[in-house]
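Working notes, structure below.
The values are calculated or read from the model by the stated rules, or taken from the named source; none is laboratory data. Worth saying up front: this structure is predicted, and the values here are computed from it rather than measured. Glycine gets a Cβ as well: all are built from the backbone with ideal geometry, and neighbour counts include every protein chain shown. For the accessible areas, the whole protein counts, side chains as well, though only heavy atoms, and no ligand, DNA or RNA atoms are used. Shrake-Rupley method; radii C 1.70, N 1.55, O 1.52, S 1.80 Å.
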Amino acid sequence: MDKLILLFLTFFKIGLFTFGGGYAMIPMIEEEVMLRGWLESVDTLVDFIAISESTPGPFAINVATFVGYEVAGVFGAIIATIGVVAPSFIIILLIARFFTRFAKNRYVSGFLFGIKPAVVGILLAVGMGLLLRSTIYTDIFHLSEWVMDYRTWVIGSILLAIRLIFPKLNPIYLIMLAAILGIVGFGLIG
């Protein structure tokens, strides 16, 4: 029971102190989950992030659900999901109740304008951190070595180029293309 309470409080804190959506939660999730030893390695978290991105539903909820399930089974998944959603739910209820006061308040407006650059910076840092962890570091012959995995860089570059050329392209097509390129690059060739 203590594990479920800690799981709820951990994801409640993550949901309460993260601004900018699911991706901005990744550093906090990583810190909290790895600190408590809930996952075997960062690779497991990266796998959960990849699965969460490619499954329907909000990204942060999917990650919380996967981590909760890994930690404490079905009840853990439910508790982690409720924990990460509860702060947003409560805050949205309060904002909806007092919307006109919040919308016209210069401090709230200033806060929102000030936090935007921080969110962009966090998202860039998360993206680079995940890219470096998932592509450069591998464990070969049980020795930790740094290896440049060109296939991931090629796939990422192709997807980035397509996104820049076709900015209105539905992300679903990019995810499907990434899956196909991953199968070819890592499954058939690798």
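Selection of the range 9-26 for residues being assigned to a helix (DSSP H, G or I) and either touching a Pro at 6+ places or on another chain (Cβ under 6 Å) or surrounded by 15 or more Cβ atoms within 10 Å (Cβ to Cβ) (or both) yields Thr10, Phe11, Phe12, Lys13, Ile14, Gly15, Leu16, Gly22, Tyr23, Ala24, Met25, Ile26.
Let me confirm something: among Glu40, Glu30, which residue is closer than 19 Å to Gly129 by Cβ, free of Cβ contacts under 8 Å to residues at least 12 places away in the same chain and either out of contact with any Lys or Arg (no Cβ under 6 Å at 6 or more places or on another chain) or open to solvent by 70 Å² or more (accessible area, probe 1.4 Å) (or both)? Reasoning before the result, please.
Working: Glu30 fails: free of Cβ contacts under 8 Å to residues at least 12 places away in the same chain.
Just one listed residue meets the conditions, Glu40.
Taken over the range 153-190, residues that are of a type in the set (S, T, N, Q) and more than 20 Å from Phe59 (Cα to Cα) amount to 1.
What do you reckon, is Ala125 touching a helix residue (DSSP H, G or I) at 6+ places or on another chain (Cβ under 9 Å), open to solvent by 60 Å² or more (accessible area, probe 1.4 Å) and in contact (Cβ under 8 Å) with a residue 60 or more places away in the chain? Criteria met by Ala125.
Given the condition more than 23 Å from Lys3 (Cβ to Cβ) and outside any helix (DSSP H, G or I), answer yes or no: does some residue in the range 101-108 qualify?
yes
Annotation note: Cβ proximity below 7 Å between a residue of the range 104-122 that is under 20 Å from Ala24 (Cα atoms) and a residue that is in a helix (DSSP H, G or I) and open to solvent by less than 50 Å² (accessible area, probe 1.4 Å) (sequence gap 6+ or interchain) occurs for Val119/Ala24; Ile122/Ala24. If you go through the range 155-171 one residue at a time, do you hit one that is open to solvent by 50 Å² or more (accessible area, probe 1.4 Å), part of a helix (DSSP H, G or I), at pLDDT 85 or above and charged (D, E, K, R)? Checking the range 155-171: at least one residue is open to solvent by 50 Å² or more (accessible area, probe 1.4 Å), part of a helix (DSSP H, G or I), at pLDDT 85 or above and charged (D, E, K, R). Every listed requirement among (1) open to solvent by 20 Å² or more (accessible area, probe 1.4 Å); (2) modelled with pLDDT under 80; (3) hydrophobic (A, V, I, L, M, F, W, C) is met by Ala50 save one, (2).
Taking the criterion of being of a type in the set (A, V, I, L, M) and surrounded by 13 or more Cβ atoms within 10 Å (Cβ to Cβ), the residues of the range 180-190 that qualify are Leu181, Val184. Answer with yes or no whether Leu6 is modelled with pLDDT of 85 or more, surrounded by 14 or more Cβ atoms within 10 Å (Cβ to Cβ) and more than 27 Å from Phe111 (Cβ to Cβ). Yes, satisfied. For the range 53-70, residues that are modelled with pLDDT of 85 or more, more than 14 Å from Ile175 (Cβ to Cβ) and open to solvent by 20 Å² or more (accessible area, probe 1.4 Å) total 5. Residues that are more than 25 Å from Gly121 (Cα to Cα) and touching a Leu at 6+ places or on another chain (Cβ under 9 Å) do not occur anywhere in the range 41-64.
Return yes when Leu174 is modelled with pLDDT of 70 or more, among the aliphatic types (A, V, I, L, M) and within 18 Å of Ile49 (Cβ to Cβ) and no when it is not.
Details: modelled with pLDDT of 70 or more: yes; among the aliphatic types (A, V, I, L, M): yes; within 18 Å of Ile49 (Cβ to Cβ): yes.
Yes: the conditions hold for Leu174.
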